[in-house]
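Peer 1: Supplied in C-alpha cells, the structure appears directly below.
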Amino acid sequence: MQKLFIIAVIIVFAAACNKKTVDATGFSVTTDKETYTLADTIRFSFTGNPWYLTFYSGEPYHKYEYSDRVTAPGVPQLSFSTQMATGSQKNTLRLMVSTNFSGVYDSTNIYQATWADVTDKAILATTNTATVSGTIDLTQFITNDQPVYIAFKFIGSAGSAQRTWTIKSVALTNVLADNTAYSLWGIAESTAGFKSVPMKAPGVAWTISTTQLLIKGGTTTSSPEAEGWVISKPLNLSKVLPDTGTPLKNMTTTMSSFSYMYDIPGSYKATFVAANISRYDDKSDVQEVPITVQ
C-alpha cells in the first residue's frame, strides 16, 4: 500500500512539473471564533490543497506585511565594554563615526574623511576592570545615501609608556518603535566586521578576534608616537531582516487544519500564504485571519 502511495505521489509530481500552467490553489481558512484566551488552542481549518503553505502568526518578527522589508526607521544603539591597562597617558581611545569615509582602509582615506568624535557619549574604562559603555544613540548619523562607518581610534604619545586597550561585546542594534530589534554589527563577525589600520608606528595595531579588539601601545619612554584605527564594515543604520513565516506543507503532504497558541494577549493578523509553483507558472493566495487574545 505504501509503495502504491509513493508511486501516486511521483506521478502527481511529474504531471505537475510537466504542465505549463498550474491550477489555482482553491485555498481558504476559517476559525471557530475571533476572540480567544491565552489558554485556548486556536484551530485553523483549511479548504483546498495548495502545494505549499506558509504561516505568519502576526507576532513580532513573524508579520506577513514585513516579509519583504529590509529597512525600517528605528534607533541605532551601539554598546561595548572596555578595559584599560599600563601607562598613564590620558584620552588615548576615541570613538569615531563617519558618513563620508570612502571605504578604502588606509591612512590617506581615513584622514580625508570627516569623522565625528562621539567619545563623550560612552563610558570608558579607567582600569583593567571591564566597563560597559552604556547605550549610545547614533540616530544623528542615519543616512539614506551613504553607509556609516564606526571606528575606535587609539592614540599613543611619544616619551612615556602607552596604554593597552581591550574592547569586547561590541553590538549595534536597530531598535524599532514596537521594540523589535535587529543586529547590525557585532564582535563575533571578526575580520568580516572590522579592519585594522596602523597609522604611525607599524608595530602598534589593533588585533581582531571573535571575542575582542586589542591594541598594545609602546611600553617604554622611548616608544614612538603611535596611532591605530579599527574601523567597521559599511553599515546601514536602518537595516532590518525580513519577517519570517513557518512552512506548514509542501506538495507531497496534505493538511486540513493547523493549531496554534499565542503567548501574549493582543490583536494579531494571522496570515496564510498558499502557493502552487512550477518552473513555468505560479499561483498564490494570501488569507488573513484577525485574532484577538485576551
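Peer 1: As a test of the formula, what do you get for the chain when each DSSP H run with n ≥ 4 contributes -39,500 (n - 2.57) and the sum is divided by the residue count, at 222 nm and rounded to the nearest 500 deg cm²/dmol?
Peer 2: It comes out at -2500 deg cm²/dmol, rounded to the nearest 500.
Peer 1: Once label points are set 7 Å from the Cα along Cα→Cβ at both Thr129 and Leu176, what is their separation, rounded to one decimal in nm?
Peer 2: Between Thr129 and Leu176, the label points sit 4.0 nm apart.
Peer 1: To the nearest 20 debye, what is the magnitude of the charge dipole of segment 75-232 about its Cα centre, counting +1 on the Cβ of each Lys and Arg and -1 on the Cβ of each Asp and Glu?
Peer 2: With Lys and Arg at +1 and Asp and Glu at -1, about 480 debye.
Peer 1: Okay, next question. Quick one: what are the phi-derived ³J(HN,Hα) couplings along segment 46-60, Karplus 6.51/-1.76/1.60 with θ = phi - 60°, whole Hz, x for glycine and proline?
Peer 2: 10, 10, x, 9, x, 5, 10, 9, 10, 10, 10, 6, x, 7, x
Peer 1: Considering the options Tyr52, Tyr149, Pro224, tell which one lies farthest towards the positive end of the dipole of the chain, charges being +1 on Lys and Arg and -1 on Asp and Glu at the Cβ, about the Cα centre.
Peer 2: So the residue we want is Pro224.
Peer 1: Cα centroids of segment 87-122 and segment 247-289: how far apart, whole angstrom?
Peer 2: Segment 87-122 and segment 247-289 have Cα centres spaced 49 Å from each other.
Peer 1: Something else: Once you place label points 7 Å from the Cα toward the Cβ at Arg43 and Ala188, how far apart are they in nm?
Peer 2: Computed distance between label sites Arg43 and Ala188 equals 4.0 nm.
Peer 1: Now, a different point. How far apart, in nm, are the 7 Å Cα→Cβ label points at Val75 and Ser102?
Peer 2: Computed distance between label sites Val75 and Ser102 equals 3.7 nm.
Peer 1: Sticking with this structure for a sec: Let me check I've understood the local charge: for Ser183, count other residues with C-beta under 14 angstrom from its C-beta, Lys and Arg +1, Asp and Glu -1. What total comes out?
Peer 2: Combined, the nearby Lys, Arg, Asp and Glu give +1.
Peer 1: Please say if the chain is rounded, prolate or oblate, where rounded means a/c under 1.5 for a ≥ b ≥ c the square roots of the C-alpha gyration tensor eigenvalues, and otherwise the choice is prolate for a/b larger than b/c and oblate otherwise?
Peer 2: Cα axes put the chain in the prolate bin.
Peer 1: Here's another thing I want to ask about it. For every other residue with a beta carbon closer than 12 angstrom to the beta carbon of Ile231, add +1 if it is Lys or Arg and -1 if Asp or Glu, then tell me the sum.
Peer 2: Working: positive: Lys153, Lys195, Lys233; negative: Asp106.
For residues surrounding Ile231, the net value is +2.
Peer 1: Can you give the charge dipole size of the chain about its Cα centre, rounded to the nearest 20 debye, using +1 on the beta carbon of Lys and Arg and -1 on the beta carbon of Asp and Glu?
Peer 2: Magnitude of the dipole: close to 800 debye.
Peer 1: Looking at Gly74, Asn100, Gly159, which one has the Cα that reaches farthest to the positive end of the dipole of segment 67-174 (charges on Cβ: Lys, Arg +1; Asp, Glu -1)?
Peer 2: With unit charges placed on the Cβ atoms, the residue in question is Gly159.
Peer 1: Right, here's the next one. Within a Cβ distance under 15 Å of Thr86, other residues only, what is the Lys/Arg minus Asp/Glu net charge?
Peer 2: Result for the neighbourhood of Thr86: +3.
Peer 1: Moving to a separate point now. Go ahead and run the numbers for FRET between Gln89 and Asp117, Cβ-Cβ distance against an R0 of 22 Å, rounding to 0.05.
Peer 2: Efficiency at R0 = 22 Å is approximately 0.80.
Peer 1: Right, another one. Below 20 Å, Cα to Cα, which lysines can Lys121 reach? Residues fewer than 8 away in the same chain don't count.
Peer 2: Lys90, Lys153, Lys168
Peer 1: Which of the peptides 155-165, 80-90 is most tightly packed, and how do the rest follow, judged by the mean count of other Cβ atoms within 10 Å per residue? It would help to have the intermediate numbers written out before the result.
Peer 2: Numbers: 155-165: 19.4, 80-90: 16.4.
My ranking of the peptides, most packed first, is 155-165, 80-90.
Peer 1: Give the lysines whose C-alpha is closer than 28 Å to that of Lys269, dropping any in the same chain fewer than 8 places away, or say none.
Peer 2: Within the straight-line cut-off, Lys269 pairs with Lys33, Lys63, Lys239, Lys249, Lys283.
Peer 1: Same structure again: For helix 2-18, report the angle its Cα long axis makes with the longest principal axis of the Cα atoms of the chain; keep it between 0 and 90° and round to the nearest 10°.
Peer 2: 70
Peer 1: Further, regarding this structure: Need the full-extension length gain, Ser160 to Val286, defined as separation in residues times 0.36 nm minus the C-alpha distance. One decimal, nm. It would help to have the intermediate numbers written out before the result.
Peer 2: Working: separation 126, 0.36 × 126 = 45.36 nm, distance 6.88 nm.
38.5 nm is the gain from fully extending Ser160 to Val286.
None of the figures in this text is laboratory data; all of them are computed from the coordinates on show. Every value quoted in this text rests on a predicted model; they were computed, and no experiment measured them. FYI the Cβ positions are ideal-geometry reconstructions off the backbone, even for glycines, and counts take in every protein chain you see.
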